[in-house]
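The values are calculated or read from the model by the stated rules, or taken from the named source; none is laboratory data. Note that the structure is predicted; figures quoted are calculated from it, not measured. Cβ placement follows ideal geometry from the backbone for every residue including glycine, while neighbour counts extend to all protein chains displayed. Quick note on the areas: whole protein, heavy atoms, side chains included, nothing else; ligands and nucleic acids left out. Shrake-Rupley method; radii C 1.70, N 1.55, O 1.52, S 1.80 Å.
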Amino acid sequence: MAPCVSLLLLVFAILATLPAIKSAPAFFPRASYDQSLTKQTKASKPKIPSKIQYFPQVLDHFTFQPKSSKIFYQKCLINSHYWHIGAPIFVYTGNEGDIEWFAANTGFLLDIAPKFRALLVFIEHRFYGESMPFGKESYKSAETLGYLNSQQALADFAVLIRSLKHNLLVSLMQNSPKID
């Protein structure tokens, strides 16, 4: 046992003589509720006008309680400026803010839409912007905030995209020439 202790002391002595290695300070991201974002929402407008639509969305996609069937209206922006039939649909799933600000400041989709002749859809995240399930009371209690989670938001996006694709298909079929 004595050789192990002396070996350990020797290692510590060698390590103590080495110059100290400085590491970069740790960075821990935190949620920031900066008021500058709300100022930007009103200042920026999308480069190409989009049609604003409100999609009826259920409050809870996963339970069957009486409150889960409550409907709120989810805001989305649809830009068909470059779209041609059969072209892709590019969807921007909103994050923590007003969707109009993100649409105005997300240049990548606007840059590639002409090349792909794509339909652009910007969907606002529930509990942000105008997509408030409980209106001004949305942030008042843990009960209402329980519906603000990634599972519900992803289900919102999936339902809206499926509905949009279905409605586009029906619209195309109604407007297409009939073959007798």
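Listed values, structure above:
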| item | result |
| --- | --- |
| Residue in segment 35-53 that is at pLDDT 90 or above, surrounded by 13 or more Cβ atoms within 10 Å (Cβ to Cβ) and part of a strand (DSSP E or B) present | yes |
| Close pairs from segment 90-119: first open to solvent by less than 30 Å² (accessible area, probe 1.4 Å), partner part of a helix (DSSP H, G or I) and hydroxyl-bearing (S, T, Y), Cβ under 8 Å, at least 6 apart | G97/T41 |
| Hits in segment 54-84 (condition: assigned to a strand (DSSP E or B), under 22 Å from D111 (Cα atoms) and not hydrophobic (A, V, I, L, M, F, W, C)) | N79 |
| Unique match (being among the aliphatic types (A, V, I, L, M), assigned to a loop (DSSP other than H, G, I, E, B) and surrounded by fewer than 18 Cβ atoms within 10 Å (Cβ to Cβ)) among A87, A158 | A87 |
| Within segment 156-180, considering residues that are modelled with pLDDT of 90 or more and among the β-branched types (V, I, T), the one farthest from V121 (Cα to Cα) | V159 |
| Members of segment 123-155 that are at pLDDT 90 or above, open to solvent by 40 Å² or more (accessible area, probe 1.4 Å), farther than 21 Å from T106 by Cα and outside any loop (DSSP other than H, G, I, E, B) | K136, E137, A142, L145, S150, Q151 |
